[in-house]
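Remarks on the structure that follows.
Just so it is clear, none of the values below were taken in a lab; they were calculated from the coordinates. Treat the numbers as computed from the prediction; the structure is a model and nothing was measured. Every residue, glycine as well, gets a Cβ built from its backbone with ideal geometry; the counts of neighbours run over all protein chains shown.
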Amino acid sequence: MIEIKNLSHFYEDKKIIDIKEWKVNTAEQWILIGNSGSGKTTLLHILAGLLKPSDKNAQIYIQKQDIQALSGTQLDTFRAKNIGLIFQKAHLIPTLNVIQNLLLVYFLAGVKQNKTHCQEILAQVNLTGFEKYYPEQLSVGQAHRVAIARALLLEPTIILADEPSAGLDDENTTQILNLLKEQTQKYKACLLIATHDARVKQHFDKILHL
Ligand SMILES: Nc1ncnc2c1ncn2[C@@H]1O[C@H](COP(=O)(O)OP(=O)(O)OP(=O)(O)O)[C@@H](O)[C@H]1O
Ligand SMILES: [Mg+2]
């Protein structure tokens, strides 16, 4: 599913990432763990094709596709179809309500809108009845769940989640992690969670230390 070789990334002359080889197979669930500043977000952004690694010889294959060989628009389409990204902050569009935030995903991916599917996904994240709520009317945990619903909407084969437990209590953390695990298992997607939260570690057996 994901194959990386000789990936290194520098900011100025400081080496942030140095991974000789790493392979993630179908349906595997990983956590990327490391202290603040260890490069977790940087790695997720590289995998999502939002950032190019500074080492030009790096090899990054996602679904057997060399993502560095894709042009800008090809990469946008590839990302929209294959990768579900959950940022640390929900990043919902404040002027759109919950269902409109979800419908936007179809528009950006250039595929036909499916409102029924949006409602099904909202039900799976326990948000039935919140369709018309605006982001400012949601709690942090609810906004998180909308962001998760949005990332899962097109049934991506790779889910990248950056600190999904940030700012959540133990109960909500467990709920969010279970939700991500259940949903990814359902689609046989692989799940990569970046965190410095030791509470998250107990839920996973595949761990990449950064
Ligand atoms: N655009 C940038 N320019 C220069 N340095 C950067 C840039 N982005 C990140 N860095 C540096 O790269 C390092 C890794 O940052 P990154 O955000 O990947 O860490 P992280 O592991 O996600 O940390 P956190 O747990 O705090 O989210 C940090 O030292 C940061 O200062
Ligand atoms: Mg980070």
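If the condition is being more than 19 Å from CYS190 (Cα to Cα), β-branched (Val, Ile, Thr) and within 12 Å of ligand 2 (Cβ to nearest atom), then the range 13-61 contributes only ILE16. The single condition from (1) assigned to a helix (DSSP H, G or I); (2) in contact (Cβ under 8 Å) with a residue 60 or more places away in the chain; (3) not β-branched (Val, Ile, Thr) that GLN175 fails is (2). You will find that of GLU155, GLU131, the residue that is touching a residue at least 12 places away in the same chain (Cβ under 8 Å), away from ligand 2 (no atom under 16 Å from the Cβ), at positive phi and in a loop (DSSP other than H, G, I, E, B) is GLU155 and no other. Scoring LYS56 on the criteria (1) surrounded by 14 or more Cβ atoms within 10 Å (Cβ to Cβ); (2) out of contact with any His (no Cβ under 6 Å at 6 or more places or on another chain) leaves a single failure, condition (1). Being closer than 18 Å to VAL24 by Cβ, surrounded by 15 or more Cβ atoms within 10 Å (Cβ to Cβ) and not small (Gly, Ala, Ser) holds for only one residue in PRO135, PRO164, and it is PRO164. Looking for something under 19 Å from ILE159 (Cα atoms), within 16 Å of ligand 2 (Cβ to nearest atom) and within 17 Å of the chain's Cα centre (by Cα) - is there at least one such residue anywhere in the range 1-12? Checked the range 1-12: no residue is under 19 Å from ILE159 (Cα atoms), within 16 Å of ligand 2 (Cβ to nearest atom) and within 17 Å of the chain's Cα centre (by Cα).
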